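The structure under discussion appears below in the form of structure tokens.
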Amino acid sequence: MKKGTLKKVLKYTGRYKILIFLSLVLAVITALLSLYVPILAGGAVDCLIGTNEVDFVKVFGLLGQMAVIVIAISVMQWLMNKANNMITFQVVRDVRKEAFEKLQKLPFEYLDSKQTGDIVNRIISDVDLFSDGLLMGFTQLFTGIVTIVGTLLFMFYLDFKIALVVVVLTPISLFVAKFIASKSFVLFKKQSEARSDQTAFVDEMIGNLSVVKAFAHEDENMEYFEKINDRLEKTSVKATFFSSLTNPSTRFVNNFVYAAVALFGAFACIAGGMSVGELTIFLSYANQYTKPFNEISGVVTELQNALACAERVFSLIEEIPEASDNVKAPVDFRAEGKVTLNDVSFSYDKSKKLIENLNLDIKSGQRIAIVGPTGSGKTTLINLLMRFYDVDSGSISIDGIDIRDLKRADLRNNYGMVLQETWLRYGTVRDNITLGRKDFTDEEIIEAAKAAHAHSFIKRLPKGYDTVISENGGNLSQGQKQLLCITRVMLHIPPMLILDEATSSIDTSTEIRIQKAFNRMMKGRTSFIVAHRLSTIREADVILVMKDGHIIEQGNHEQLLAKGGFYNKLYNSQFA
Amino acid sequence: MRKLLIFLKEYKKETFLGPLFKLLEASFELMVPLVIASMIDKGIAFGDKSYVIKMCLILLLLCVVGFFSAITAQYFAAKAAAGFAAKVKRALFDNIQKLSFSDMDSVGTSTMITRMTSDINQVQQGVNMTIRLLLRSPFVVFGAMVMAFTINVRQALIFLVTIIVLFVVVGVIMGWSIPQYGKIQGGLDVLLRLTRENHSGVRVIRAFGLEEQEKRNFNESNDKLMSFQKFVGNVTALMNPVTYAILNLAVAYLIYRGAFYVNSGELTQGQMVALYNYMSQILIELIKFANLILTITKAIASGNRVQELLELKSSMVDGNKAYHQGKDEDFIVFDNVSMRYQGDNEDSLKDISFTAKKGEKIGIIGGTGSGKSTLVNLIPRFYDVTQGKVLIGGEDVREYKLDTFREKIGVVPQKAVLFHGSIRDNMKWGKADASDEEINKALEIAQAKEVVDSKENGLDYEVSQGGKNFSGGQKQRLTIARALVRKPDILILDDSASALDYLTDKNLRKAIAGMDNPPTTFIVSQRTSAVLDCDKIIVLDNGQVAGIGTHDKLLSECELYKEIYDSQFKKEGGDAV
């Protein structure tokens, strides 16, 4: 746990200073008043000495006060809870908001290196744990301390000697609680290690159950599973048992203190230095005095946990965002389509070279096909064109303007992009096509869908364009998903196109038809096409043959075939 | 939930003794106020110091015995709960592994994983707390009341009323708030989905410049969740103050009535103190009890979900015959096969009939959703046919014992999956006792030797979770090698060379054909180039056979095949051959 994290937490809570102040004030008042209630009750009990010796006036007076105070405490406690709720849930909202907004600005280096589950965990469950632990912890910690200090003051005020006995004995309780907490922390850690091993295994095997079954690997899995399961059971018994000792042990010490107070109190009563009512007060104090200690030790563990969670969200929030857009960027940039790559070098892992000294001059309206084996840098080139990544050296310019001098949104708006990896979200088919942009009529949408040859299958869905598709399009085939992604681009045709294996999952006869639509679309537009199918590639103006980050051959189909190089080999292997 | 309890059977002793020791502890606790009362009434009133000391020793004894009973109880609870959870998990994992493919489709992977993990944890927690507290808290509450009755019946009636009122208040607040938590979870799920979508779809979102719109959407849901959480929080926050007020007002009333009884001599001061102490005990236990009910409610909900999955019996019945190869002719026969997925209203395959000889290469080609994968999934009996028969080695596949039968089939699925472990471990999935030599042989055929050689530790190179340290093409080649290690009788390549370039793909097919005892191979592909040298090509269209035959035959007879071929090899392509 870093100190910095606590400071950041305070920054978020700082926005609600008034609420926090209110909550703290209420906490002090309610804690002190709650301590005063036993005094009133004890005072009343003191009046009940014996037959015909009861001072009714005094009893009624004390009980009246008690009733008023009890009601006041309840109201204030509720207000305090309300304030705490407001602080907690608003801070959670703020943190989530900031984290999500950061997500929109983070560079791809970061996003690509993180799993979706990781990001989701940070923004959702970590924030939840953080709110549960930290903010509740703050108030409990505070009320706890006030109660302890208050109790001590009241006890010393009532009887110095017995108070001293309590003060001397309580460290035992603290010591015991601390010992158990530190011991069980170690055990909990072991348990959570075993548990995460198990979760990882279950996640992997159930996630790929079809492969497991295909290889009849169930028995081996079961064997391994039992091993982890046994280990988890053993650590779990230990961790649970040890941590559950806290309550009985502190209760034990507590009762011990209680007996001591009873002994000394009774002697004081006999000696006449104390009334029975005061003894009652003392006993009830002794009873609740150690309770906040237990709570505090619990709260401290939760605080640690909460801070650990907070740290993970904050590390996301504090990631360095993409450099902001150039302020001098032209407004509403609309590209002609002339793309120049000047001495571009780039690699993801700076110790491993990928693209080096790449030069390329593309005229407006040209169709560029990129071919080459897996890992040769085709998709990387697209990442650079879209400015998902910035070049390490050299420059990429459109119509003579360095793309780093353009607004990212403007640059990207000039490209229509269809990727091999389809992305659909939970929502209607229509929403997935328009992506929530409102300025399209139904006619336009249907027209785009027809062009993408998606209309006929959409029509057959239970509710047509209003059919809700599940996340990642679970109920659609891979090809249908790709058709929807193509429809998106058809709907709003930008000056330049990027098709990265856009039709890889679509059957050939449909593909031919889509290809025609693409051809219409690409007419007069600069377009970049990554494809495996050479039929798609053949019609390109320029074919870039990439290998290991370099363009090893460049030219049109005929030229490259005639050259008899890598492209020729690749092409001819189709006809084996 | 109830059926899960049989897993506690082995822990009868623990589940019985745990609560018993807890009750023991509680009864000692209940005696404390009585001891104090007699200390006041006899010890203090008569100034008898030795009596006071005696009472204090009794107090000490009570707390020592209480302590040891509590520890014993906690131990039994921890043991029973952890053991119970381990047994349920084992049974559940076992059952999940037995589910058929169609069961898996309908349940969903993420559901199965949450059942296995967080749901069972919830149940474990519930069992643990139940053993520890379920009997204790009510026992203390009612015990305190009974003790009150032994002291003074009329005063005890105040207890009775207070407890009833407290129960009603706690019950109403909790009864209202528990369902609300479900709604909060729903709101959280929306945020979760939006976050997930925004990470997985970040390229699309930024390409279309939707960042601002996404932020707006998220903030809207975020604010909505916050207001609802505040509302629910404020209502549940009533619980503590209200119970506090009720109890302390009851104490005030108790003393008020007590004043009269003491005055009339019906009650002593010590007894009054004891009554007061009992009242305080009730509050503490009641709050614990309310929290316990909350934990138990959650545990029961989780338990029911676990039980549901545990009771899901595989929809596939295992056969009992051992696999045998049969004759080379008619090694694999599809006899009028139709297949419909659960919940669909249309057949995915209709009246498919064909035969394959041992060692033949069968190509399957067709459009998206034409049923190619469905067809090959019937061979290892991933799904059962709805009509007709699939015969392998002359026997209906439903007759075979699944594990021996599937061991003879090498499947390379569409999605290349590798598992955490070394490359060697992954290869051994194909054959548990494969030697390095066998593995290397398979890697060579699969064109994956260079992949392994390029890694620093060769076969010992660790595959990270999900195989992220390999490219798509590398993973595909390794999964092909994994299927080949077992030297299968049947090899199924379900579009599994899609990430390979033409050259590698071609070499792969050549190498498979050159194996010593080449398997009967099914090649599912979108590319005619991948299937044109097959002995038999099945052209599928919308689940039906559009043509079966060799490349040349189909080219002249099958319109669809010709169309597909032409689209990939226009006339000019012919010149290059």
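The values are calculated or read from the model by the stated rules, or taken from the named source; none is laboratory data. Remember, predicted model here, so these are calculated numbers, not experimental data. Every residue, glycine as well, gets a Cβ built from its backbone with ideal geometry; the counts of neighbours run over all protein chains shown.
Overview of results
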read-out: Test: residue in region A:284-297 that is within 30 Å of A:LEU48 (Cα to Cα) and touching a Gly at 6+ places or on another chain (Cβ under 8 Å); value: yes
read-out: Pair list, Cβ < 7 Å and 6+ apart or interchain, from region A:161-179 residues that are outside the structural domain of A:ALA286 (by TED's automatic domain parsing) and aliphatic (A, V, I, L, M) to residues that are surrounded by 13 or more Cβ atoms within 10 Å (Cβ to Cβ) and in a helix (DSSP H, G or I); value: none
read-out: The lone exception for B:SER314 - which of (1) in a helix (DSSP H, G or I); (2) small (Gly, Ala, Ser); (3) within 13 Å of chain A (Cβ to nearest Cβ) it fails; value: (1)
read-out: Qualifying helices (runs of 4 or more DSSP H) (wholly inside region A:414-527; at least 1 residues being more than 10 Å from chain B (Cβ to nearest Cβ), buried (at least 22 other Cβ atoms within 10 Å of the Cβ) and touching a strand residue (DSSP E or B) at 6+ places or on another chain (Cβ under 9 Å)); value: A:429-434, A:478-491, A:508-522
read-out: Complete set of residues in region A:234-270 that are in contact (Cβ under 8 Å) with a residue 24 or more places away in the chain, among the small types (Gly, Ala, Ser) and within 7 Å of another protein chain (Cβ to nearest Cβ); value: A:SER236
read-out: Conditions (1) modelled with pLDDT under 90; (2) out of contact with any helix residue (DSSP H, G or I) (no Cβ under 7 Å at 6 or more places or on another chain); number of the one not met by B:MET31; value: (2)
read-out: Any hit, region B:67-87, residues being more than 8 Å from every other protein chain (Cβ to nearest Cβ), modelled with pLDDT of 90 or more, over 19 Å from A:LYS238 (Cα atoms) and in a helix (DSSP H, G or I); value: no
read-out: Residue within region B:526-540 that is closer than 26 Å to A:ILE514 by Cα, at pLDDT 85 or above and part of a helix (DSSP H, G or I) present; value: yes
read-out: Residue list for region B:360-379, filter: assigned to a loop (DSSP other than H, G, I, E, B) and at pLDDT below 90; value: B:GLY367, B:THR368, B:GLY369, B:SER370, B:GLY371
read-out: For A:VAL327: the one exception among (1) surrounded by 20 or more Cβ atoms within 10 Å (Cβ to Cβ); (2) modelled with pLDDT under 85; (3) among the aliphatic types (A, V, I, L, M); (4) more than 28 Å from A:ASP126 (Cα to Cα); value: (1)
read-out: Residues being within 9 Å of chain A (Cβ to nearest Cβ) and either touching a Phe, Trp or Tyr at 6+ places or on another chain (Cβ under 8 Å) or among the small types (Gly, Ala, Ser) (or both) - total across region B:220-231; value: 5
read-out: Among (1) away from every other protein chain (no Cβ under 11 Å); (2) out of contact with any helix residue (DSSP H, G or I) (no Cβ under 9 Å at 6 or more places or on another chain); (3) touching a residue at least 40 places away in the same chain (Cβ under 8 Å); (4) not small (Gly, Ala, Ser) - the single one A:VAL146 does not satisfy; value: (2)
read-out: Qualifying residue in region B:244-252 (condition: buried (at least 21 other Cβ atoms within 10 Å of the Cβ), closer than 30 Å to A:ASP112 by Cα and in the same structural domain as B:ILE282 (by TED's automatic domain parsing)); value: no
read-out: Scan of region B:486-515 for residues that are more than 10 Å from every other protein chain (Cβ to nearest Cβ) and of a type in the set (A, V, I, L, M), ordered by number; value: B:ILE490, B:LEU491, B:LEU493, B:ALA497, B:LEU508, B:ALA511, B:ILE512, B:ALA513, B:MET515
read-out: First in region A:63-76 and surrounded by fewer than 17 Cβ atoms within 10 Å (Cβ to Cβ), second anywhere and modelled with pLDDT of 95 or more, Cβ under 6 Å, 6 or more apart; value: none
read-out: Check on A:GLU336, part of a loop (DSSP other than H, G, I, E, B) and within 22 Å of A:SER113 (Cβ to Cβ); value: no
read-out: Residue match in region B:508-521 (condition: β-branched (Val, Ile, Thr), outside any loop (DSSP other than H, G, I, E, B), surrounded by fewer than 23 Cβ atoms within 10 Å (Cβ to Cβ) and modelled with pLDDT of 90 or more); value: no
read-out: Hey, A:ASP55 charged (D, E, K, R) and in contact with a Ser or Thr (Cβ under 9 Å, 6 or more places away or on another chain) or not; value: no
read-out: Check on B:LYS230, within 14 Å of A:MET86 (Cβ to Cβ), at pLDDT 90 or above and buried (at least 16 other Cβ atoms within 10 Å of the Cβ); value: yes
read-out: Every residue from region B:456-488 that is among the β-branched types (Val, Ile, Thr) and either assigned to a loop (DSSP other than H, G, I, E, B) or closer than 20 Å to B:ASN507 by Cα (or both); value: B:THR479, B:ILE480, B:VAL485
read-out: Region A:346-374, subset within 34 Å of the chain's Cα centre (by Cα) and in contact (Cβ under 8 Å) with a residue 40 or more places away in the chain, residue nearest to A:VAL545 (Cα to Cα); value: A:ILE355
read-out: Selected residue (criterion: farthest from A:PHE282 (Cα to Cα)) from residues of region A:24-71 that are among the polar types (S, T, N, Q) and modelled with pLDDT under 90; value: A:ASN52
read-out: Scan of region A:273-311 for residues that are β-branched (Val, Ile, Thr) and part of a helix (DSSP H, G or I), ordered by number; value: A:VAL276, A:THR280, A:ILE281, A:ILE296, A:VAL299, A:VAL300, A:THR301
read-out: Lone qualifier among B:GLU456, B:GLU444 - being free of Cβ contacts under 8 Å to residues at least 24 places away in the same chain and surrounded by fewer than 16 Cβ atoms within 10 Å (Cβ to Cβ); value: B:GLU456
read-out: Test for B:TYR323: is it under 29 Å from the mean Cα position of the chain (by Cα) and either within 30 Å of B:LEU540 (Cβ to Cβ) or surrounded by fewer than 16 Cβ atoms within 10 Å (Cβ to Cβ) (or both); value: no
read-out: Residues satisfying the stated conditions in region A:96-112, i.e. part of a helix (DSSP H, G or I) and either at positive phi or at the interface with chain B (Cβ under 10 Å from one of its Cβ atoms) (or both); value: A:ARG96, A:LYS97, A:ALA99, A:PHE100, A:GLU101, A:LEU103, A:PHE108, A:LEU111, A:ASP112
read-out: Verdict on B:ASP433 being free of Cβ contacts under 8 Å to residues at least 12 places away in the same chain, within 13 Å of chain A (Cβ to nearest Cβ), surrounded by fewer than 22 Cβ atoms within 10 Å (Cβ to Cβ) and outside any loop (DSSP other than H, G, I, E, B); value: no
read-out: Pairs with Cβ under 7 Å, 6+ apart, first in region B:313-327 and under 25 Å from B:ALA356 (Cβ atoms), second among the polar types (S, T, N, Q) and in a loop (DSSP other than H, G, I, E, B); value: B:MET316/B:SER100
